[in-house]
1. Which peptide among 12-18, 95-101 comes first, and what is the full order, when sorted by highest mean count of other Cβ atoms within 10 Å?
2. Neighbouring Cβ atoms within 10 Å as the yardstick, rank VAL39, VAL103, VAL26 fewest first.
3. For the residues MET1, MET84, what sequence is obtained by ranking on other C-beta atoms within 10 Å, fewest first?
4. With a ≥ b ≥ c the root eigenvalues of the C-alpha gyration tensor of region 1-50, is it rounded (a/c under 1.5), prolate (a/b larger than b/c) or oblate?
5. Which order do the peptides 58-67, 42-51 come out in when sorted by mean C-beta neighbours inside 10 angstrom, highest first?
6. Positive end of the charge dipole of the chain (Lys, Arg +1 and Asp, Glu -1 on Cβ, about the Cα centre): tell me which of ALA6, CYS109, ALA41 has its Cα farthest that way.
7. When the helices in the chain are scored as -39500 (n - 2.57) per DSSP H run of 4 or longer and the sum is shared across all residues, what 222 nm value do you end up with, to the nearest 500 deg cm²/dmol?
Amino acid sequence: MTTDDALAALASLAHPTRLAAFRLLVQAEPDGLSTGQLVDASGLSQSTFSSHLAILVAAGLVIPDKRGRQMIQRADIERLRALMLFLAKDCCGGRAELCAPLVTELADCC
């Protein structure tokens, strides 16, 4: 992941509606959620939510998948993993002991 990719992903998550939607999609993996389900969960109008969704898709964090007449949205878990690794590697600067508590906490929560 490049710095520009990371910045785009982080910027897309830097809004309460988009962060909430992405968290829902991560929890819904691997099935995803329909756009309608996401709109309902957000409490926003379809058009307002669509602009938020478009930002997440443009950042590569959400993958739209047409299934019949429904549009299913899925979190791109590989992209999330790449973002997390980018941040951890950059923050630790090659010093694994700095990231050890983070790795332990991640292992315990999942």
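1. Details: 12-18: 16.3, 95-101: 10.6.
Ranked from most to least packed, the peptides come out as 12-18, 95-101.
2. Numbers: VAL39 20, VAL103 11, VAL26 14.
So the ranking, lowest neighbour count to highest, is VAL103, VAL26, VAL39.
3. Lowest to highest Cβ neighbour count: MET84, MET1.
4. Working: a/c = 2.61, a/b = 1.53, b/c = 1.71.
Taking the square roots of the gyration eigenvalues as a ≥ b ≥ c, region 1-50 is oblate.
5. On the way: 58-67: 15.7, 42-51: 13.2.
Ranked from most to least packed, the peptides come out as 58-67, 42-51.
6. Of ALA6, CYS109, ALA41, it is ALA41.
7. Details: 6 runs with 74 residues, N = 110.
Rounded to the nearest 500, the figure is -21000 deg cm²/dmol.
Read-outs throughout are calculated quantities, based only on the coordinates presented, and are distinct from any laboratory measurement. A quick note: this is a predicted structure, and the numbers were derived from the prediction, not measured. Virtual Cβ from ideal backbone geometry, glycine too; neighbours counted across all protein chains shown.
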